[in-house]
Every structure is written in C-alpha cells, then in structure tokens.
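Right, one structure below, let's go through it.
The values are calculated or read from the model by the stated rules, or taken from the named source; none is laboratory data. Please read all numbers here as calculations on a predicted model, not as lab measurements. When we count neighbours, we look across all protein chains shown, and the Cβ atoms used for this are built from the backbone with ideal geometry, even at glycine.
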Amino acid sequence: MPVSIAEARAAHDRDWFCAAALMTVMTCELIWLAVDVVAARYVAYAAMLAVVPLSFRRLGVREGYLLTLCAMLTMMILWLHDSPAEALAVALDQAIFLMAFIMLVGLMQQAAMTSPAILECGLYLTKQRAGRRYFALFLGTHFMAQLFNLGVVSLLAPLIRRGTEDESDPLNPIREKRQLNSMLRGFAWAVVWSPTAVAPLVLTTLLPEAQRGPWIVAGLVIAVVVMLIGWAEDRWQHRDYVPAAGTTNPPFPVRAYGNFAFVCLALLGLTLTGMALFDESVVFGLMMASPIILFCWLAVQNGGDWAASKARLAEIGLGHLPRAAPLAVTLACSGYVGRAAAALIPAAEWSAALGLEAWPGWLFLLSLAVGVAALSQFALSPIMMAVFFGSLIAAVPELPTDITWAALAISCGWALSMTASPFATVVLMIAGATKHTGRELAWWWNWRFTAATTVFLGVAFWLLA
C-alpha cells in the first residue's frame, strides 16, 4: 500500500526524535564518564527509555523478547532483592553504557563504509589464490574488525558472494564456503584480544582487576593457534578439492593498507589522549575518539568539502542512527538482563555450595567458555552472557584461578559462540548476505572447527592456570 504524506512525515519525525534520543544517550554517557555530572546520568536514563517507543516500528521478535525479559527481571528484583533500587540502578547503568558504546563505536564503521581504501582492502582479500586465501581472509578480517567491527562482514560477505555466484563453475560453491568460513572464524576470534571489541571492553568495566596486557598477549597466542587449527580443518575437509590452475595473487594495495594503518594509529593516539586527559579507562578513550575519527575521516574522504561532509553526517544522523536503534535496544537489554539476573543469584553462597575454590583452574575456565557458547544455542546473546558471568565472577569471594584468565575465558566463550550458534549476530549477517542459513553456517560447516577449538582451549587453560 502506498504511504500517505502524513504517514511519511510522522515516520520522519519519529526517526528525528529517535536519532536525537540516541545522540543524547551518547553525549550524556561521555559527560558522566568524563566529569561525573549526576544530571547527565538522569537525562541518559530518560533518553534511553525514550528510544524504545520511538523505534517501536523497527523492533522485532528478538527485541520484544528481551524487553519482556527485562520487565520480568525488574519485577523479580522489586519483589525479591534486599536493595532493589541499587540493583536496578546498576542494571540501568550497564544498559546505558552498552547502548552508548555500540552507537559511538559504530560511527567509525559509517566512515569506513564510504572509504575507497577499505573497499580496496576487501577486494584484495577476496581475490587471493586458493593457497593463501584462508590466511588472507582470516587475518584480514581479524585485523580490519579492530576498527570496522561488524562492518567488515557487511563489506566482505557480498564481495565473496559476488565472486562465486557463477553457478556454471562447479568449484564456486566450495570456494564460497571456504571463504565465508575463513571470514567468520577470523572475525570471531578477534574478540579474545581486540582492544576495540565489545566483549573485552565490557568485561574490563565489570572486572577492573583483570590485567589487559597479559590478557591481550595470551589472547593473541590463542588466536594464532586457532587460525592454524581452522586452516588444518579446512584443508582436511576439502582435501579432494583441486583449485583452478593459473591463478595469481593481485598486487598488494600498499596505499590502501597504509591509509587503514594510519586511521588505526590515529584511533590509538586519540584513545590514549582521552585516557590521559580525563584519567579514564581505555573504554572511555575509545568512545571519545570514535566521533572525532568520524568527522576527520569524512573530511579526508570528501577532500575538505564541508557541504559533502555535512550531507553525509545528516545521512548518518537521520538514516543510520534510527536504523541502528534495534541493535542499540538489543545491547541495552542484554546489559540490563545480564546485570539484573546476576543480582538475583547469591554468588557467594553458590560458590561455597559448588566448592568453587577447590576446582582445578583449567576446568573452571573451560566451564566459563563452554557455558557462554552453550547458552548461546538458546538465542541468548553472547553479550548478555558475558555481562551475566562477568557480574557473577565479580561477586565471588575467591576464584580458583586468576581473574585475568577468567575474563579471557569468557571472551573465548564469546568467540566459540560465533561459530557454534546460528543465532549469533555475525552468523545472521552472513546468512542475510548469502543464500545460506545460520544452521548451515554454524552447525553444518563449523562443528568440527568448534569442537577442535574447544579441545584446544582446555589445553590452553591448563597451561595458563
């Protein structure tokens, strides 16, 4: 049915107010983190709650389910918790933080979407010959995700699909499967060490005693071994595959990757500056740097043409922000549910009942990782599980292993869930860009890889603990 002028105007007004509410949440969260203005916190509360009705027409079953779960947990806290106001305030704080974080970091992705250098980098990765393609896509996705996040999947999945859509070539379905697997695995295992991924940054706020230095080093080593496991599994599974002869590697786009590296260095410099100026964490520094990177990157892309940059900013404000509202609601609800559910569980009593202190350290770490991955099979968001387990661990009096390795284990569980669960966001994004289902991508294509990496994690955690 055609949309009337009145309906179109009403939709435009809703999008405008939704964008304004999201920008208010981002701004107030930065003010609160930087200078502790209490009024900014309450304005952020109101703006976050306003996003739900303003984006209601865009919300789906997932958001409805999460909002219902939030309401149920709120009632349970009011009924059962000894300090309901304090517990709800903590849950709301987590919700605001995650909504602001995902929207702020997503601003860099919007600049990358229109970057010719990023497109050139992506084309180079997908055009590698068979002998180098797995490592090229794994590592390329792995490192581009540091800045581009899920945007690298939005870029590469259509490129892979476009390069293998010729059905007259019987090798193309195999090429597509191998490339999609390489990209998915490279993206998934970046979270175990990434300085910009949501998982480690959320856990850093929940577990401030965790040391990021050893965590990043151990995560990098784990990611390298996982890459080799994935490569071996890929070669074994397609051992009868004979690649086409005569293919050559494209020339390395030095300038494009140089530009990408420069943006990464600028992000690092701005993040460190924000941390030093306000004596805050890397999380705050990254959040503060993201809009600055957006403005500067767009200015460079448009050759200093302010009118073009202004038009693109307007498009992001009135187009991207309202469309991203469901994701913002999902992350906010996940943070709220994780904190609220943890508040209802007496962590100290459960720890004593399970005899947690006597557990072997490696078994405890492996249980955390497998627990996050297993619960993701029930469409529970990995971010929700990370917040939940992180909150529980923070409340346990004594752990059987170092808290740094506990945080690493949770982020490893997040990585496992992205190749094990058909409900993972990255799997759903790839499914939407191709003709494959989430079950096919996770359960049928990657079950051997997930099983092998789980066994390896047991060994890695034994060595760490």
How do the pairs read when you match residues in region 34-50 that are in contact (Cβ under 8 Å) with a residue 24 or more places away in the chain with residues anywhere that are assigned to a helix (DSSP H, G or I) and acidic (Asp, Glu), using Cβ under 7 Å and keeping only pairs 6 or more apart or on different chains?
-> ALA44/GLU29
For region 194-313, which fully contained helices (runs of 4 or more DSSP H) count at least 2 residues that are over 30 Å from ALA340 (Cα atoms)?
-> 212-237, 254-278, 282-301
For region 301-315, which residues satisfy the criterion of being surrounded by 15 or more Cβ atoms within 10 Å (Cβ to Cβ) and more than 28 Å from the chain's Cα centre (by Cα)?
-> ASN302
Out of curiosity, is ILE393 farther than 20 Å from ALA218 by Cβ and either in contact with a helix residue (DSSP H, G or I) (Cβ under 8 Å, 6 or more places away or on another chain) or at pLDDT 80 or above (or both)?
-> no
State whether one or more residues within region 110-117 are crowded, with 18+ Cβ neighbours inside 10 Å, assigned to a loop (DSSP other than H, G, I, E, B) and not basic (Lys, Arg).
-> yes
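Table: residues versus (1) within 22 Å of ALA256 (Cβ to Cβ); (2) of a type in the set (A, V, I, L, M); (3) assigned to a loop (DSSP other than H, G, I, E, B).
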| site | (1), (2), (3) |
| --- | --- |
| LEU88 | no, yes, no |
| ASP93 | no, no, no |
| LEU98 | no, yes, no |
| MET108 | yes, yes, no |
| LEU139 | yes, yes, no |
Is at least one residue of region 30-40 in a helix (DSSP H, G or I) and of a type in the set (D, E, K, R)?
-> no
Any chance region 28-39 includes a residue that's hydrophobic (A, V, I, L, M, F, W, C) and touching a Cys at 6+ places or on another chain (Cβ under 9 Å)?
-> yes
Test ALA112 against the stated conditions and say whether it is aliphatic (A, V, I, L, M), in contact with a Gly (Cβ under 6 Å, 6 or more places away or on another chain), within 25 Å of PRO195 (Cβ to Cβ) and in contact (Cβ under 8 Å) with a residue 24 or more places away in the chain.
-> yes
Are there any pairs, at least 6 apart or on different chains, whose C-beta atoms fall under 6 Å, with the first in region 76-100 and closer than 28 Å to LEU30 by Cβ and the second not in a helix (DSSP H, G or I), and if so, which?
-> ALA87/HIS81
Could you list, in sequence order, all residues of region 194-238 that are at pLDDT 90 or above and aromatic (Phe, Trp, Tyr)?
-> TRP215, TRP231
Residue list for region 55-68, restricted to those being part of a helix (DSSP H, G or I) and modelled with pLDDT under 90 | PHE56, ARG57, ARG58, VAL61, ARG62, GLU63, GLY64, TYR65, LEU66
Are any of the residues in region 74-86 among the aliphatic types (A, V, I, L, M), closer than 17 Å to LEU22 by Cα and part of a helix (DSSP H, G or I)?
-> no
Just name the residue that is surrounded by the fewest Cβ atoms within 10 Å (Cβ to Cβ) out of those in region 279-300 that are over 30 Å from ARG14 (Cα atoms) and modelled with pLDDT of 80 or more.
-> VAL300
